[in-house]
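Reviewing the structure listed below.
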Amino acid sequence: MELREDSYVTLNDGHKMPVIGFGTYAPLQVSECMEYGGKMVSCRVVVSVLPKSLAEEGVKVALEVGYLNVLFQLWSTFQAPDKVRPAVEKSLQDLQLDYIDLFIIHSPIELKPGDNPFPVDENGKLIYHNTDIRETWKALEECKDAGLVRSIGVSNFNKSQVELILNNPELKYKPVCNQVECHIYLNQSKLQEFLKSHDIVLVGYSVLGSSRDEKWIDQNSPVLLEDPVLKSLAEKLGRTPAQVAMRFLLQRGIVVLAKSFTPARIKQNFQVFDFQLSEDEMKTLEGLNKNMRYIRSSQYPFHDEY
């Protein structure tokens, strides 16, 4: 399929990336994650699992609509350099691919290496590890050189952690992207400005808010798609609140990941190229920023400003 010019960005390594991605996150209990551990990290990679039939149907509709490219994440228990390539190769084997379009480090926070995606101690607390993230990055660079992946990037990194990689004298390839939570309540303007200065694309997840999973989300947090300003603007434009929320980020040069498992909504979320938000409408949505995160974490890097 030929990509329309406004539907992709060119990354700093020359490869193209669609500006809309199809997210597949779905909250699960840890026990379910353990049971489906091989699938959850089927790519050693993805942070969630869906019922197989739901995942297959959603991905099928997404492909028919026009979502392209395959993005995988290196899960936090596979950051040790000797585990990176086996994780990539397992992903390729599972999906019968010759290469992965984009492979990113899921988080700068490493968990104890091993097949248990959520290693805990006798008190039920997660067990962390401390591999130098620059060594993990070097192992990813080797996967790129071997042709296993086309592009490599990071996720949930703050400015200081991105700089740690960029300032490494042994750096061979810059991250092409940093995937972070981003939406009208957390517009990430400062982080985006920093990333732009290094030709790194900001990829936003939870762009429509987030699931109301009580393990991760404050149940008192506002429901993004019910924001009265967003809803009013969407009604004026004859669009859905989701389309307007996505268009706001796209016009700022942000790649968006949108999740839905309803065919009609998957198609709607892709129909954001045939309208523009005015300068005043963009300013109105910028005014909704609260620097509010849906994804709660007591761990660094979320304590830094950006």
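The values are calculated or read from the model by the stated rules, or taken from the named source; none is laboratory data. What you are looking at is a predicted structure, and each value in this text was computed from that prediction instead of being measured. Positions of Cβ are generated from backbone atoms using ideal geometry, with glycine treated the same way; all protein chains shown enter the neighbour counts.
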Using the structure shown, decide if L233 is surrounded by fewer than 21 Cβ atoms within 10 Å (Cβ to Cβ), part of a loop (DSSP other than H, G, I, E, B) and modelled with pLDDT of 85 or more.
no
State the number of residues belonging to the stretch 263-295 that are surrounded by 12 or more Cβ atoms within 10 Å (Cβ to Cβ) and at pLDDT below 75.
7
Check whether at least one residue in the stretch 190-199 is touching a residue at least 60 places away in the same chain (Cβ under 8 Å) and surrounded by 23 or more Cβ atoms within 10 Å (Cβ to Cβ), and report yes or no.
no
Only residues in the stretch 87-111 that are surrounded by fewer than 22 Cβ atoms within 10 Å (Cβ to Cβ) count as the first member; pair them with residues that are in a loop (DSSP other than H, G, I, E, B) and of a type in the set (F, W, Y), Cβ under 8 angstrom, at least 6 apart or cross-chain, and list the lot.
L92/Y99; I109/Y300; L111/F118
Would you mind stating whether N116 is loosely packed, with under 13 Cβ neighbours inside 10 Å and assigned to a loop (DSSP other than H, G, I, E, B)?
no
Give me the residue from the stretch 64-108 that is among the β-branched types (V, I, T) and either assigned to a strand (DSSP E or B) or in contact with a Leu (Cβ under 8 Å, 6 or more places away or on another chain) (or both) and, out of that set, nearest to G21 (Cα to Cα).
V70
Say whether the condition of being closer than 14 Å to I200 by Cβ, of a type in the set (A, V, I, L, M), touching a residue at least 40 places away in the same chain (Cβ under 8 Å) and surrounded by 14 or more Cβ atoms within 10 Å (Cβ to Cβ) is met by at least one residue in the stretch 133-154.
yes
